[in-house]
């Protein structure tokens, strides 16, 4: 569930606790959260509270791939729900996540014409040259101040050093702060693809914004304030943060459901092959926070609908 490591990694690097930290593959992203959910529900049930009946739980095994299969399931589950509590790993100093950037991936593919680079290069049409011009234009789309990032992270092309390249492609990661940026950057990417610098080349684009931005709404702010109050009752000073990382919280937020993410235990260095850890004490604290939040939100809804 929600892991990037291959089969056998846990045997090579088994779970262990050293001091106040738990180590192991995926311990922070996302194994600790699975334990948290289980024991929050067990605690509610053991306490004789009926609020655990009000929770629809989804465990997702393809989140790291962009949730291609579970996206529709998440949206279907969101129908008619009052709140979405997402237990991706928490942030240091009692932080939770209140907004995330939308994420997209695009592949820009250029087709040119091959030729011998020493004998008759003039009859060739270099796909690598064309993709190079386009990469510069794509990088100029960045607007860091307003949270828009466009990163060409992979380039591939050519057949040999002495051949004018007939093919080239660039893989582009896009992060957007809001819906308005989403529409604008997609339009810009397609415009760059259509504008040829090396005549005789052809460019195609594939991809999409696969996760919409998770934007802070008035309803989500109200939910955050409630969680802050609940946190104080158990000695935690919860605060909201924004992040550029992706999560399935974007799907519930885009459906208009008040959503708070990052409610899981606190740790660092997710996806690391050596350093990933979770703070053991935070596992206990965040489990209590989740259980009490479910209880209080259930009680509030019962009172409002009485």
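Per-residue answers, yes or no, for (1) farther than 14 Å from residue 189 by Cβ; (2) assigned by TED's automatic domain parsing to the domain that holds residue 240; (3) touching a helix residue (DSSP H, G or I) at 6+ places or on another chain (Cβ under 7 Å):
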position	(1), (2), (3)
91	yes, yes, no
95	yes, yes, no
107	no, no, no
111	yes, no, yes
118	yes, no, no
121	yes, no, no
130	yes, no, no
137	no, no, yes
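Any idea how many residues of the stretch 241-279 are in a helix (DSSP H, G or I) and out of contact with any helix residue (DSSP H, G or I) (no Cβ under 9 Å at 6 or more places or on another chain)?
The qualifying residues number 2.
Can you find a residue in the stretch 224-243 that is at negative phi, under 14 Å from the mean Cα position of the chain (by Cα) and assigned by TED's automatic domain parsing to the domain that holds residue 89?
Yes; the residues of the stretch 224-243 include at least one that is at negative phi, under 14 Å from the mean Cα position of the chain (by Cα) and assigned by TED's automatic domain parsing to the domain that holds residue 89.
Among 47, 51, 84, which is the only one that is crowded, with 17+ Cβ neighbours inside 10 Å and either on the phi > 0 side of the Ramachandran plot or modelled with pLDDT under 95 (or both)?
From the options 47, 51, 84, the qualifying one is 51.
Considering only residues of the stretch 226-240 that are in contact (Cβ under 8 Å) with a residue 24 or more places away in the chain and part of a helix (DSSP H, G or I), which is surrounded by the most Cβ atoms within 10 Å (Cβ to Cβ)?
Applying the filter and picking the extreme gives 227.
Please indicate, with yes or no, whether at least one residue in the stretch 60-73 is at pLDDT 95 or above, surrounded by fewer than 16 Cβ atoms within 10 Å (Cβ to Cβ) and assigned to a loop (DSSP other than H, G, I, E, B).
Scanning the stretch 60-73, I find no residue that is at pLDDT 95 or above, surrounded by fewer than 16 Cβ atoms within 10 Å (Cβ to Cβ) and assigned to a loop (DSSP other than H, G, I, E, B), so the answer is no.
Inside the stretch 110-122, can you point out the residues that are without any contact (Cβ under 8 Å) to a residue 12 or more places away in the chain and not in a loop (DSSP other than H, G, I, E, B)?
122
The values are calculated or read from the model by the stated rules, or taken from the named source; none is laboratory data. Not measured: the values here are computed from a predicted model. Note that we place each Cβ from the backbone using ideal geometry, even for glycine, and neighbour counts take in every protein chain shown.
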